[in-house]
Every structure is written in structure tokens, then in C-alpha cells.
Amino acid sequence: MAVETLTRETAVESSQLSHHERDLFEVAVEQFEIAADVLGLDDGMRRVLSCCQRELTVNFPVEMDDGSVQVFTGHRVQHNTGPGPTKGGIRYHQNVTLAEVKALAMWMTWKCAVVGLPFGGAKGGVQVNPKLLSRTELQNLTRRYTTEIQPMIGQNKDIPAPDVNTNPQVMAWLMDTYSMNVGYSVPGVTTGKPLVLGGSEGRNEATGRGCVFAVEQAAKTLGMDLTGSRTVVQGFGNAGAVAARLMAELGSKVVAVSDSRGGTHNPNGLDLAAVAAHKARTGSVSGFREGEDVANDDLLLLDCDVLIPAALEGQITGENATRITARIIAEAANGPTLPEADTILYDRGVFVLPDIFANAGGVTVSYFEWVQDLQAFPWTEQEVNQRLRQIMTRAYEAVHETSQKYKVHMRTAALARGIARVAELNELRGIYP
Ligand code: NAD
């Protein structure tokens, strides 16, 4: 079977690697230093937290369908084990580098800390274009990579999850391989599994749902009524389509949505079920009969109150930030806003809910999945959603308070909040020996 049918829609994925010329880990460290300055973090702790604790590179063979042998390179990085076991996805992409995996692992540490999860950050990746593999090759690659990184992972050590180009099926193979290697089933070794294998209710919707919980809190702060507000969503995929639907359920008019091929706009509000059906039929939201096509660059500038970037990184730039009309930007995507745009938006009074907070619903429900697996006791979707709301609301209050205290925008506040927590618990644990 061709792999296209197996992987989730991933137009987003290739661009995620677009800034590879720059060492992404340097970017992550720069961001860390800014927040560390705000906190007045001491030099020793800066040294500890600005590097990754464990980095593993593996080169491993896979026998291909034609009988040839290919060697693939993969990584697994744990940024900091101070908070507890580490957590982070595994991505399959031809441009994966160790620097990228390290940056993503560091960001996972801050993300988990912002929402108060008992995890340090980790990330994994294999340099491969999975779309060129058959299902058998993909399974073999996953099983061998899992075996190679097995010394690092485990339900009490480091718990992977899906990321770019990996999905519940890949997690099922990973879980099975780990379980076969130890001789008994260990569902808690990974999250993002299919429901029947110990996945969690509500996981698929968690990122979009958490993002909308964040918007609700921001609207309260701004004294803004979401009923009758207008929302624009860039990226009608997993995170974006759910966020759009939930905004509509709150009474907001979703006036535009887009995907990699373009967008559709209707100032009176789109019928999202009809848009989804159109996309299922044609492969894109563009060309939707009850909307006007809008180019991807123009979508971000449409008149709206809430803008949810849920596609790619680097979308909101110094150039378009001056012309964005939204009052709230909720970053369902990772890294959609460039640093120069942050300052412009802050000065213009646009309220940005930063990615490490706004899309933390995904890892939060992954945490719930892990807890359910450890207890062998599944929760209802209602329980999952209610606990997610509680965590997102508390985290919002904490980040907002930090932003007021240090007079910084919400991104620096979220980073500072996460870093302060990780620094505190590393300080309390001390240095061994
Ligand atoms: P996805 O592949 O399901 O959806 C991405 C969507 O973006 C697709 O509809 C794609 O067509 C669209 N897109 C691609 N290029 C575009 C462009 N130029 N303009 C407009 N739309 C474009 O991916 P996803 O899981 O929804 O992830 C989206 C973002 O959210 C990523 O940045 C991801 O890292 C982040 N995120 C996702 C999760 C999760 O649980 N899914 C968790 C945390 C963060």
C-alpha cells in the first residue's frame, strides 16, 4: 500500500523544515536566553538548561521491498529529565537534523512546564521521506528505529508520540515492537495510539480544543464577546478544522479557512460541515460554492477578531503583522509568528496566545493517555475535556499574570513561566553526585 494513504495530510510538514539553513537549536537557545534574562536566571542554571541532556544518533539498516538494503539515520534527544520522564513526538522527514530535533526537544520541555505536566521535553526523528516507502518498508523502518532507541524510551523514561508524518498506526508498531522486545505489553510507552490499543478519547481534537479554551480566556481578559465575533483559520487540518468548529459552537462566525491550495471566504460565516464535505470531495477548501476564493497570503489580512494560524511556521512576518486586523491570535501551529512580528503585534495591542501555550492541548491529552494507560483505566471524553479545560485555564492565568508582572508579551511570559518551573525543580533536585 502506498504510504500516502497511511500518513496524515502533511502539506504542513515540508515547510516545517524550511528554515533548515539556520541552526534551529541556536534559535531555541536565543529564545531561552531572552526569557532567562527576564527571570534573572543564574549562570549555572543557564548552562544546564541551554543544552540537551541526552542525544542519541542511530544508523540502521532496513531491507527494502526490492531486496536492497538502505541505511537510515535517526535521533532521539532528551532535553531535561528534571521534571520527570521525557515526552515528545517522532517525525519522519528527509530534512530531519540533530539540531532540529534538539530544538524541538527543548521547546517540549517549556511547553510541558507551561501547562504543568510532569514531563521533561524530548523529540525524535528519522531522515526519510516516508511517502516513498511502502507500508511494509515503513513498518520495518519503525520497528528497527524503535529497537535502536529502545535503551532510551520506556513508560517511566521517555514517551514518544506522533509528529510530522507519523500517526496512530506508527505508534501502534512502536508500542508493539517495544512490547515484543521486553516480552509483555507496555501501552504506556507511547501516546497517540489507536483507541483500541490504549489511546485516549478526545486526543484527536485536543489541540484545537485546547486552543479554543485559550481563546475563551483571552476574550475574557479583553472584555470581548465571542458571540458574533469573526474568526479566520489558516490550515483546515487536524488542529485547524477542530478549532474552527469549536469557535463556531461558541457563536463566532468563521469567515474564512484555508489549506495548502488556498482559502475560502464568506463574511457572513461559512457552513463548516459543508466546507469539510467539499474538501473531502475535491481535496481542498478552495472552490467552495458558498464562499469566495482567497489567496493564502491575503487570508491573514481579512477583517476578523480572532485569527488562528494552524498550518505552518513563519506565516506572520514583520511585513504582514502591521496589517493584521485580529484582536486575538491563537497559535495552534508551532512557530507561525516570526520574532520581528511579535514586537509589532504587541505594540499594536494584538493579543497573541503563543504556541507553547495555545497548542499545548495536544500534549496535555497525551499526558492523560499515559495516565490512563498506567492505571489501565480509561476516562470518558467528557472527563478528558473537562480536565483539559481546567489545565488550559490555569495555565492561561499563570502566563497572563507573568506577562503583567514582567511587562512582557505573552510569548516571553509563557517561556519565562516554563523555564522558571524547570529551573526551580532542577534547583531543588540538585546536582548528582
Ligand atoms: P495537518 O497536516 O492535519 O493540517 C495542516 C493544514 O495546513 C492542512 O490542511 C494543510 O493543507 C494546511 N496548509 C499547508 N500549507 C498551507 C498554507 N500555505 N496556507 C494555508 N494552509 C496550509 O497538521 P496539524 O496536525 O493540524 O498541525 C498543524 C500545526 O499545528 C502544525 O504546526 C503542528 O506542528 C501544530 N500542532 C499540531 C498538534 C496536533 O496535535 N495535531 C499539536 C501541536 C501543534
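The values are calculated or read from the model by the stated rules, or taken from the named source; none is laboratory data. Note that the coordinates shown come from a computational prediction; the quantities given were computed from them, not determined experimentally. Note: ideal-geometry Cβ built from the backbone for every residue, glycine included; neighbour counts use all protein chains shown.
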List the residue pairs whose Cβ atoms are under 9 Å apart, where the first residue sits in the stretch 302-316 and is within 26 Å of Thr227 (Cβ to Cβ) and not assigned by TED's automatic domain parsing to the domain that holds Asp225, the second is within 12 Å of the ligand (Cβ to nearest atom) and hydroxyl-bearing (Ser, Thr, Tyr), and the two are 6 or more positions apart or on different chains.
none
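Yes/no per residue for (1) touching a Ser or Thr at 6+ places or on another chain (Cβ under 9 Å); (2) aromatic (Phe, Trp, Tyr):
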position: Pro339; (1), (2): no, no
position: Gly349; (1), (2): no, no
position: Ile391; (1), (2): yes, no
position: Val399; (1), (2): no, no
position: Tyr406; (1), (2): yes, yes
position: Gly418; (1), (2): yes, no
position: Arg421; (1), (2): no, no
Please work out which residue is farthest from Arg421 (Cα to Cα), limiting yourself to the stretch 104-140 and to residues that are surrounded by fewer than 24 Cβ atoms within 10 Å (Cβ to Cβ) and of a type in the set (Gly, Ala, Ser).
Ser134
Odd one out for Ser134 among (1) away from the ligand (no atom under 14 Å from the Cβ); (2) at pLDDT below 95
(2)
Looking only at the stretch 189-240, which residues are touching a Leu at 6+ places or on another chain (Cβ under 8 Å) and of a type in the set (Lys, Arg)?
Arg209
Name the residue, out of Ala341, Ala360, that is buried (at least 23 other Cβ atoms within 10 Å of the Cβ), in the same structural domain as Asp225 (by TED's automatic domain parsing) and either of a type in the set (A, V, I, L, M, F, W, C) or within 12 Å of the ligand (Cβ to nearest atom) (or both).
Ala341
Of the residues Ala276, Ala333, Ala321, which is hydrophobic (A, V, I, L, M, F, W, C) and buried (at least 24 other Cβ atoms within 10 Å of the Cβ)?
Ala333
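Would you check if Leu345 is modelled with pLDDT of 95 or more, in contact with a strand residue (DSSP E or B) (Cβ under 6 Å, 6 or more places away or on another chain) and within 13 Å of Ile316 (Cα to Cα)?
So Leu345 fits the description; yes.
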For Val399, indicate whether it is under 17 Å from Cys211 (Cβ atoms), touching a Phe, Trp or Tyr at 6+ places or on another chain (Cβ under 6 Å) and either assigned to a helix (DSSP H, G or I) or at pLDDT 95 or above (or both).
yes
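Does the stretch 62-72 include one or more residues that are among the hydrophobic types (A, V, I, L, M, F, W, C) and assigned to a loop (DSSP other than H, G, I, E, B)? Spell out the reasoning first.
Restricting attention to the stretch 62-72, the residues satisfying the condition of being among the hydrophobic types (A, V, I, L, M, F, W, C) are 62, 64, 69, 71-72.
Right, trim to assigned to a loop (DSSP other than H, G, I, E, B) and you get 64.
Yes, there is a match, as at least one residue in the stretch 62-72 is among the hydrophobic types (A, V, I, L, M, F, W, C) and assigned to a loop (DSSP other than H, G, I, E, B).
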Would you confirm whether any residue within the stretch 240-259 is within 13 Å of the ligand (Cβ to nearest atom), among the polar types (S, T, N, Q) and farther than 20 Å from Ala330 by Cβ?
no
Would you call Trp370 among the aromatic types (Phe, Trp, Tyr), part of a loop (DSSP other than H, G, I, E, B) and either modelled with pLDDT of 95 or more or within 16 Å of the ligand (Cβ to nearest atom) (or both)?
no
